[in-house]
Amino acid sequence: MYGFENYLPASARGWLDQKLRDLRIMLIENGILADSSSSSSSTESSAVVDARKRLDAAKSDLEGHHRSLTEHKEDLDKDFGPDDVFRALKGQCISTDSGEYTYEVCFLERTTQKAKKGGGNTHMGSFTRVERVTVDEDLPPSGKGLGSGERVAMRHENGQHCWNGPNRSTTVILACSEENEIWKIMEEEKCVYRMEVGTPAVCETGTGAGARAAAQGKEEL
Ligand code: MAN
């Protein structure tokens, strides 16, 4: 105040001092003036502090979006088979009992062996790629089998390590069916599994007798 208070009488000086103090507090409370008396490391006004908080929140929001974008990009790079026909199946799980175990296939994710009498689950492999295999099998009267010809298969690798053997792996061979269902499970060699699975996802590609049966079934509707 350029020292002009010094020319005021003591009582007026006290009054002015108080007014200036009140004004300062009001400015600080309204975020207009930085609170330099505060012992906190921040010398920013509360408006700046608020803005910084909002900026930090927006930044972490953006990071979240980036993460999900990366995930979606990775998803697009994955092999979803011919014409991406398996994309809709991703994450759907089917299971069936066989012997002492229940076997589960979660499409494009993993295969699992679950002991019926309790005990932990055994990871039988994570989905790695789509392949084509040639099969030659008698088709059961139910039509629930692979038949013969070229079929689409899903490879699952790097499952739980097998004592005295490889890491578990599973080949899931697909044939056309009206439902997603596991038809057959075999352990061809120790910890090397093969599953025969029916799914509508391969019907358009015309996979053998199962395809014909299902296609006929549909035509009759
Ligand atoms: C478990 C199962 C079997 C496998 C043996 C190998 O019992 O995963 O399928 O053959 O381990 O030790």
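Assorted remarks:
- Loop sites by DSSP among the GluC sites (Glu not before Pro) of the chain, restricted to those with at most 12 other Cβ atoms within 10 angstrom, leave 1-99 as the longest stretch without any of them.
- Rolling a 1.4 angstrom probe over the chain with all protein chains present gives an accessible area of which 50% lies on carbon and sulfur atoms.
- Estimated from the Cβ-Cβ distance and a Förster radius of 41 angstrom, the FRET efficiency linking residue 23 and residue 62 is about 0.55.
- Two-site label geometry, residue 116 and residue 70: point separation in nm, points 7 Å out along Cα→Cβ: 4.4 nm
- Area accessible to solvent at residue 138, 1.4 Å probe radius, in Å²: 150 Å²
- By the combined test of axial Cα extent (at least 15 Å) and Kyte-Doolittle hydropathy (mean at least -1.0), the qualifying DSSP H helices of the chain come to 10-29, 208-220.
- Point-to-point label distance, residue 109-residue 12, nm (Cα→Cβ direction, 7 Å offset): 8.2 nm
- Computed with every protein chain present, the accessible area of residue 72 is close to 120 Å² [probe 1.4 Å].
- CD proxy at 222 nm, helix term only [per DSSP H run n ≥ 4: -39500 (n - 2.57); per residue of the chain; nearest 500]: -10000 deg cm²/dmol
- Converting phi to 3J(HN,Hα) with the Karplus coefficients 6.51, -1.76 and 1.60 and the offset θ = phi - 60°, region 160-174 yields 4, 5, 9, 4, 6, x, x, 5, 4, 9, 9, 9, 9, 9, 9 Hz in sequence order, with x at every glycine or proline.
- Given 73/190; 73/144; 116/190; 90/184, the pairs whose alpha carbons are separated by over 27 Å: 73/190; 73/144
- Residue-normalised accessible area of region 92-177, given per residue in Å² at a 1.4 Å probe: 50 Å²
- By the Kirkwood approach, averaging reciprocal distances over each pair of separate Cα atoms, the chain gets a hydrodynamic radius of 23.0 Å.
The values are calculated or read from the model by the stated rules, or taken from the named source; none is laboratory data. Remember, predicted model here, so these are calculated numbers, not experimental data. Glycine also receives a Cβ, built like all others from the backbone with ideal geometry; neighbour counts cover every protein chain displayed. Surface accessibility is based on the protein's heavy atoms, side chains included, excluding ligands, DNA and RNA. Shrake-Rupley method; radii C 1.70, N 1.55, O 1.52, S 1.80 Å.
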